[in-house]
Every structure is written in C-alpha cells, then in structure tokens.
Amino acid sequence: MSYPPCPQCHSEFVYQDQNYLVCPECAHEWNPDDQDSFAVKDANGAPLQQGDKVTCIKDLKVKGSSQVIKVGSKAIIKRIVDGKDHQLDCKIVGAGEMMITAKYVKKA
Ligand SMILES: [Zn+2]
C-alpha cells in the first residue's frame with residue numbers, strides 16, 4: 001500500500017501511525033479521511049456532492065435576466081466547482097442550468 005505524498009512538502013516517505021499519516025521529513029501529520037478542507041457545504045453545513053438533489057432556501061435572482069429561482073425550487077448538482085461565489089453547477093427543475101451559491105441550498 002502506498003500513501004499520498006505529504007501535502008506540505010510533497011515527500012513520498014509517508015508512513016501511517018494509527019489513523020494518521022506522518023511525514024518524516026517535515027513532521028506534518030494529517031488524517032487521510034479528512035478531505036473536507038475544500039468541501040462545499042449547504043446551508044446546514046452538510047457536505048454536497050455531484051448528483052445530490054438540493055432545494056433552494058431563498059429566492060435567487062438570475063444574473064442578467066429578470067428570472068427568479070423561487071425558494072423551494074429543486075435542483076440536481078451536476079458539478080461542484082471551486083468558485084468564490086457560485087460553487088454548484090446545477091440543473092434546476094423547470095429553469096435549466098445555472099450556477100448557484102452552496103449556502104443558498106439545502107440537501108433534499
Ligand atoms: Zn512533509
């Protein structure tokens with residue numbers, strides 16, 4: 001079994017110590033199961049994944065149009081992106097595809 005390189009110094013000489021991985025070169029320790037550092041979370045703090053069904057928790061204005069995504073609208077997450085404002089590339093039922101801010105939805 002090989003371990004991922006150290007996230008701090010990219011050393012390949014990583015070893016496992018109980019639930020943690022340890023880097024002998026920079027002494028960094030981390031939990032390999034804890035990959036939430038850039039996880040996208042909904043309004044309740046639940047992590048979101050591609051394919052999740054979500055519901056809008058507020059009316060969302062669609063940029064550049066007069067269209068409004070009503071609170072309660074259902075959407076399916078097609079893709080999660082590492083965006084500053086809009087992390088969810090969604091297909092919204094009845095409204096088509098658009099980018100949504102993760103904190104304005106909750107997992108359905
Ligand atoms: Zn290291």
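Any read-out appearing in this document is the output of simple, stated calculations on the displayed coordinates, not a laboratory observation. Source: prediction; values computed, not measured. Cβ atoms come from the backbone with ideal geometry, glycine included; neighbour counts cover every protein chain shown.
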Pull out the extension gain between residue 28 and residue 67, defined as 0.36 nm times the separation in residues minus the alpha carbon to alpha carbon distance; nm, one decimal.
9.1 nm
Base-10 log of normalised Debye intensity for the chain (one unit scatterer per alpha-carbon) at q = 0.12, 0.15, 0.20, 0.23 Å⁻¹:
-0.54, -0.67, -0.90, -1.10
Multiply the residue gap between residue 84 and residue 39 by 0.36 nm, knock off their C-alpha separation, and tell me the result in nm, one decimal place.
14.9 nm
Most mobile of 26, 56, 90 in a GNM of the chain (Cα contacts under 10 Å):
26
In range of the label at residue 93: residues from the range 67-87 whose backbone nitrogen is under 17 Å from the point 7 Å along Cα→Cβ:
69-78
For a quick check, take a GNM of the chain with Cα springs below 10 Å and name the residue from 71, 22, 54 with the largest mean-square fluctuation.
22
For residue 9 and residue 57 in one chain, what is 0.36 nm times their gap in residues minus the Cα-Cα distance, to one decimal in nm?
13.1 nm
Listed residues 63, 41, 74; largest mean-square fluctuation, Gaussian network over the chain with Cα springs below 10 Å, found at 63
